[in-house]
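Following: one structure in structure tokens, then a few remarks.
The values are calculated or read from the model by the stated rules, or taken from the named source; none is laboratory data. Everything numeric in this text was worked out from a predicted model, so none of it was measured. Because the Cβ atoms are built from the backbone with ideal geometry, glycine has one as well, and the counts that use them run over all protein chains shown. Side chains included, ligands, DNA and RNA excluded: accessible areas come from the protein's heavy atoms. Shrake-Rupley method; radii C 1.70, N 1.55, O 1.52, S 1.80 Å.
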Amino acid sequence: MLLSILLLSPLEIGNGFDGYYYALQTRSVRETGTLLIPDQPLVFYLAAALSFLTGNPVTGVAALKIIIQA
């Protein structure tokens, strides 16, 4: 699982139908502490926490997907 997350570090492209929606919400939580679009916030706050570790919102969301699937 850790190796998969480390391999995501150069990833800058959101994938899936709503990949950029999650990245925008995560970035908003990182920068302002609130959601850009009102929604259920737990996933976005977890992704924001991971994005601080990975360096950007896209990899934070991707890392959360890997953790949830594990």
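Assorted remarks:
- Enumeration of residues in the stretch 55-70 that are under 9 Å from the mean Cα position of the chain (by Cα) and not hydrophobic (A, V, I, L, M, F, W, C): 56, 57, 59, 60, 65
- Residue check, residue 54 at pLDDT 85 or above and either surrounded by fewer than 15 Cβ atoms within 10 Å (Cβ to Cβ) or in contact with a helix residue (DSSP H, G or I) (Cβ under 9 Å, 6 or more places away or on another chain) (or both): no
- The stretch 38-51: number of residues that are touching a helix residue (DSSP H, G or I) at 6+ places or on another chain (Cβ under 8 Å) and open to solvent by 80 Å² or more (accessible area, probe 1.4 Å): 2
- Residue in the stretch 11-22 that is assigned to a helix (DSSP H, G or I) and modelled with pLDDT of 85 or more present: yes
- Enumeration of residues in the stretch 57-68 that are of a type in the set (Val, Ile, Thr) and either open to solvent by 50 Å² or more (accessible area, probe 1.4 Å) or touching a strand residue (DSSP E or B) at 6+ places or on another chain (Cβ under 8 Å) (or both): 67, 68
- The C-beta contact set for the stretch 47-70 (first residue in contact (Cβ under 8 Å) with a residue 60 or more places away in the chain, second residue of a type in the set (Val, Ile, Thr), distance under 9 angstrom, 6+ apart or interchain) comprises 66/5; 67/5.
- Scanning the stretch 35-59 for residues that are within 11 Å of residue 25 (Cα to Cα), part of a helix (DSSP H, G or I) and of a type outside the set (A, V, I, L, M, F, W, C) gives 45, 57.
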